[in-house]
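A short worksheet on the structure shown next.
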Amino acid sequence: MGSGVAERTDGTGLAGLDPDLDALMARVGPCGLGGGNGMTPYQALVRAIIGQQLHGKAAAAILARVQALAGGAVPAPQRMLDLPDEALRGCGVSAAKLLAMRGVARAALDGVVPDPAEAAALSDEDLIVRLTTLRGIGRWTVQMLLIFTLARRDVMPVDDFGVRAGWRRLKGLDAPPSPKRLAQATTGFAPHRSALAWYLWRAAEEGRTAATALTGSAS
């Protein structure tokens, strides 16, 4: 088994599966994944579209302005379609994102974007296949929805740069693994790969902090 700290704090099923991971878990502490973020799939997709290719503060500012158009919440699908282009563009939404947000709204009204009850009945892959047909929605975006909105426990976003960088640091590799290699390497962590991804993000953060400290000490 891993260290006593990992065993005490881990509720993810990961403790004891890998000594390097046990050491990381002992340093980081309990997994921060909870029971979902309280959003519907539609709301999560709209927020994801707004946040694409933006830093956190900029995305949050645009989201706040969009929500202000609907009383402080993500505009409901019909409201999203009824809002003038100028209103949404005035919030800082790009033309491409505007089209994607309208598309998600139409898909929600048409039943392509499921409500929470239907989403709960669909498999991870069914949701990925269905939602990646929408403009501006890729596999990674749906995987984030699965992990953080639907609280699915066995999602490994192998295309995520942070996850790959975390695995590199965890295993002392010279370079991040390819998505295919990472998928193969993490198969044995099923059905707990969402928590594994969370810890790999923390490992990547450790790596960035260490690199910053090294750069500072050398200057």
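Please treat every number below as a calculation from the coordinates, not as lab data. Because the structure is predicted, anything quoted here is derived from the model rather than measured. Methodologically, a virtual Cβ is constructed for each residue, glycine included, from the backbone with ideal geometry; neighbour enumeration extends over all protein chains shown.
What FRET efficiency, computed as 1/(1 + (r/R0)^6) with R0 = 25 Å and r the Cβ-Cβ distance, is obtained for Ala120 and Leu17, rounded to the nearest 0.05?
Efficiency computed from Cβ-Cβ geometry: 0.35.
Only four residue types carry charge here, +1 at the Cβ of Lys and Arg and -1 at the Cβ of Asp and Glu. Report the dipole size of the chain about the Cα centre in Debye, rounded to the nearest 20.
Approximately 520 debye in magnitude.
Could you tell me which residue out of Leu146, Leu45, Ala121 lies farthest along the dipole of the chain toward its positive end? Charges go on the beta carbon: Lys and Arg +1, Asp and Glu -1, centred on the Cα centre.
Leu45
If packing is taken as the mean number of other Cβ atoms within 10 Å per residue, what is the order of 178-184, 24-30, 162-168, highest first?
162-168, 24-30, 178-184
In the calculated pair distance distribution of the chain, what percentage of Cα-Cα distances lie above 22 Å?
57
What are the lysines whose alpha-carbon lies under 24 Å from the alpha-carbon of Lys97, with same-chain residues fewer than 8 places away excluded?
The qualifying lysines are Lys57.
Compute the FRET efficiency between Leu99 and Arg208 as 1/(1 + (r/R0)^6), taking r as their Cβ-Cβ distance and R0 = 45 Å, and round to the nearest 0.05.
Given R0 = 45 Å and the Cβ-Cβ separation, E is 0.85.
Reachable lysines from Lys171, Cα under 29 Å, same-chain residues fewer than 8 places away excluded?
Here the lysines satisfying the reach criterion relative to Lys171 are Lys180.
In nanometres, what is the gap between the two model label sites at Arg106 and Ser178, each 7 Å from Cα along Cα-to-Cβ?
Calculated label separation equals 3.8 nm.
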